[in-house]
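The values are calculated or read from the model by the stated rules, or taken from the named source; none is laboratory data. Nothing here was measured: the structure is a model prediction, and the numbers come from that model. Using ideal geometry, Cβ is built from the backbone for each residue, glycine included, and neighbour counts are taken over all protein chains shown.
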Amino acid sequence: MTEHEVKQQIISAISKARETTPLSPSITNTVTTNLVANAQLAVGGSAAMIYLPDEAEAMALIGGSFYINMGTLLPVYAETLPRVIRVLKKNSKPWVLDPVGIGVGSLRESLLLSMKECPPSVIRGNASEIIALANLWGLDSGMDKDGVRGVDATDSVESSKKAAESLASYTKGAVAVSGEVDLVTDGNITVFLDGGSALCTKITGAGCSLGGVTAVYAAVTSPLIAALTASSVYNAASELAEKNCKGPASFQVAFIDNLYSVSAEQINKSSLRIVSA
């Protein structure tokens, strides 16, 4: 694919989400549910925040996609997550995983390990999380890494390229790695995206909401294009928001506004580099 072809597919996904309002339920970080839901609504999706097993199964059937974020695990998730993932797999529904906090606690590790048998359509995380997940699943990460990850990356996006490509090849979906330069791959094509604002690191939930927005796009396009669209929209919206804010609080408001209004022209101005995996 050429840069022009990729951008045209991104613009098409943006339009389709706004036109169809896909429902993308979430089991997500309890600290960031508000921003996740508002971001999904801003890009044209419909949001629902789920906790209980039976409700998750029902919403998985109704929704066009699903989002699972491992940020703040509740005891009930030991039952909820396996049940909803089985429903998603049985019904061929796309879903997005953010393995935030990988390495912290036995429940989180066992749940993430079990997902190898029912893999997500898109995995989104920082470089350290992507490397750690590849290692947990016994895939070639290109790095010998182990231990607690938390929410902050200690590895570079470039260093996670092998791990991301290994995960994408295994899942037959896509992997998105966030950083100063974002990386998105399907195991065959790898794309680097420039842009974004450093102020995203000064608000709680930028990464979580990116996962939720990726799920919205996963309901209307392929995993690779969904991940690319979400990253492109976030980069453009955050850059515009930074120009019209006084600090983190006003940035968050402006950011949601720009998620809502980002245009094809702004996407076409964005920079991306396509390489072979």
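Candidates T72, T80: the one that is farther than 17 Å from L167 by Cβ, modelled with pLDDT under 95 and of a type in the set (S, T, N, Q) is T72. Taking segment 55-87, which residues are without any contact (Cβ under 8 Å) to a residue 12 or more places away in the chain and of a type in the set (D, E, K, R)? Of everything in segment 55-87, just one residue is without any contact (Cβ under 8 Å) to a residue 12 or more places away in the chain and of a type in the set (D, E, K, R), namely E55. Scan segment 150-185 residue by residue and report those that are modelled with pLDDT under 95 and of a type in the set (G, A, S). Across segment 150-185, the qualifying residues are G150, A153, S156, S159, S160, S178, G179. Contact annotation: residue pairs with Cβ atoms under 8 Å, 6 or more positions apart or on different chains, pairing a residue in segment 108-125 that is in contact (Cβ under 8 Å) with a residue 60 or more places away in the chain and under 27 Å from S231 (Cβ atoms) with a partner that is outside any helix (DSSP H, G or I) and aromatic (F, W, Y), are S121/W95; V122/W95. The residue that is modelled with the lowest pLDDT, among those in segment 17-37 that are within 15 Å of the chain's Cα centre (by Cα) and of a type outside the set (V, I, T), is N29. Only a single item in (1) without any contact (Cβ under 8 Å) to a residue 40 or more places away in the chain; (2) farther than 21 Å from Q40 by Cβ; (3) in contact with a Leu (Cβ under 8 Å, 6 or more places away or on another chain); (4) not β-branched (V, I, T) is not met by N258, and it is number (2). For segment 94-108, the set of residues classified as at pLDDT 95 or above and either touching a Gly at 6+ places or on another chain (Cβ under 7 Å) or of a type in the set (D, E) (or both) consists of V96, D98, P99, listed by residue number. Listed by position, the helices (runs of 4 or more DSSP H) inside segment 1-105 whose residues that are under 16 Å from P120 (Cβ atoms) and in contact with a helix residue (DSSP H, G or I) (Cβ under 8 Å, 6 or more places away or on another chain) number at least 2 are 53-62, 77-90. Go through segment 166-212 and report how many residues are of a type in the set (D, E, K, R) and in contact with a strand residue (DSSP E or B) (Cβ under 9 Å, 6 or more places away or on another chain). Looking only at that region, the number is 3.
Within segment 240-263, the set of residues being of a type in the set (G, A, S) and either closer than 18 Å to T32 by Cβ or in a helix (DSSP H, G or I) (or both) comprises A241, A249, S250, A254, S261. Does at least one position in segment 252-264 carry a residue that is surrounded by 24 or more Cβ atoms within 10 Å (Cβ to Cβ), closer than 24 Å to E19 by Cα and of a type in the set (V, I, T)? No; the residues of segment 252-264 include none that is surrounded by 24 or more Cβ atoms within 10 Å (Cβ to Cβ), closer than 24 Å to E19 by Cα and of a type in the set (V, I, T).
Table: residues versus (1) in a helix (DSSP H, G or I); (2) over 20 Å from Y217 (Cα atoms); (3) over 15 Å from the mean Cα position of the chain (by Cα).
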site	(1), (2), (3)
S156	no, yes, yes
S160	yes, yes, yes
A168	yes, no, no
V175	no, no, no
E180	no, yes, yes
T190	no, no, yes
L199	yes, yes, yes
